[in-house]
Amino acid sequence: MSTDQDSPVALVSGGAHGIGAGIAARLRRDGWRVVTADLRPGEAGTRHVLADVADEATVTGLLNGVAERERRLDALVCNAGIMVRRPLAELTLEAWRKVLDTNLTSAFLLARAAEPLLRASRGSIVTIASTRAHMSEPDTESYSASKGGLMALTHALAVSLGPAVRVNCVSPGWIDVSGEALRPEDHAQHPAGRVGRVEDIAGLVAWLVGPEAGFVTGGEFIADGGMTRKMIYAE
């Protein structure tokens, strides 16, 4: 973990596993100081905070901690997310709200709390949505709604916070986050020829928060191996 006080600082929510952990690892490798926040324990090499980022007071405390310890924030990556898959008739209001709070409201809370630090550094925000903002499987209403809302929140924030803060959205498709047993046909159905890897998303986020993306804001970047552009017909 970099300790150079001049090094940029990133905060990654949902950073203890999967895509979030991959983003944190990539930014560390690129010389960033990284803070991760999650309900699960974090990985070694990063300052990790056990935190429910859907809770307003917790988010306020989290950003106050960044201001006190790291003394700056250059990138906020809103990656925290859960899925509840249930038939509509069985989807309780409590479950609906939990998904929306975790996936969408947390990004609002984090962006609002991080605004002063990000304005000071002329930093950036990246939200992690999903191609399910555009397409769905059955019984995924709460998840799809949260990701569609996250995409819209992104362009609203880009307009409200610009030009000081850039805000962009990455929408992954099928990303292998657990080393699952994949079949040849799983890879072959993608125009890119394979299922996505965590590193694919981490690399895109690293570019978006870096100086080469200085003219990029309000955008959605779909990383799905081309699946949302593929015509599929029943045989």
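The values are calculated or read from the model by the stated rules, or taken from the named source; none is laboratory data. Here the structure is a predicted model, which is why all the values come from computation and not from measurement. Glycine gets a Cβ as well: all are built from the backbone with ideal geometry, and neighbour counts include every protein chain shown.
Within the range 24-38, being under 16 Å from the mean Cα position of the chain (by Cα) and closer than 16 Å to Leu73 by Cα holds for Ala24, Leu27, Val34, Val35, Thr36, Ala37. Can you tell me which residue within the range 1-21, out of those that are surrounded by fewer than 24 Cβ atoms within 10 Å (Cβ to Cβ), touching a strand residue (DSSP E or B) at 6+ places or on another chain (Cβ under 8 Å) and among the polar types (S, T, N, Q), is modelled with the highest pLDDT? Filtering the range 1-21 for residues that are surrounded by fewer than 24 Cβ atoms within 10 Å (Cβ to Cβ), touching a strand residue (DSSP E or B) at 6+ places or on another chain (Cβ under 8 Å) and among the polar types (S, T, N, Q), the one modelled with the highest pLDDT comes out as Ser7. Just for the range 22-64: of the residues that are at pLDDT below 95 and among the small types (Gly, Ala, Ser), which one is surrounded by the most Cβ atoms within 10 Å (Cβ to Cβ)? Ranking the qualifying residues of the range 22-64, first place goes to Gly42.
Per the conditions (1) touching a strand residue (DSSP E or B) at 6+ places or on another chain (Cβ under 9 Å); (2) of a type outside the set (A, V, I, L, M); (3) surrounded by fewer than 24 Cβ atoms within 10 Å (Cβ to Cβ), the sole criterion not satisfied by Asp101 is (1). Filtering Ala114, Ala145 for residues that are at pLDDT 95 or above, farther than 28 Å from Gly65 by Cα and either surrounded by fewer than 22 Cβ atoms within 10 Å (Cβ to Cβ) or touching a strand residue (DSSP E or B) at 6+ places or on another chain (Cβ under 9 Å) (or both) leaves a single hit, Ala145. Within the range 197-218, can one find any residue that is touching a helix residue (DSSP H, G or I) at 6+ places or on another chain (Cβ under 8 Å), in a helix (DSSP H, G or I) and charged (D, E, K, R)? Taking every residue of the range 197-218 in turn, at least one turns out to be touching a helix residue (DSSP H, G or I) at 6+ places or on another chain (Cβ under 8 Å), in a helix (DSSP H, G or I) and charged (D, E, K, R).
Among the residues in the range 183-197, are any surrounded by 18 or more Cβ atoms within 10 Å (Cβ to Cβ), under 22 Å from Ala107 (Cβ atoms) and either hydrophobic (A, V, I, L, M, F, W, C) or under 19 Å from the mean Cα position of the chain (by Cα) (or both)? Within the range 183-197 (the criterion being surrounded by 18 or more Cβ atoms within 10 Å (Cβ to Cβ), under 22 Å from Ala107 (Cβ atoms) and either hydrophobic (A, V, I, L, M, F, W, C) or under 19 Å from the mean Cα position of the chain (by Cα) (or both)), the answer is yes, since at least one residue qualifies.
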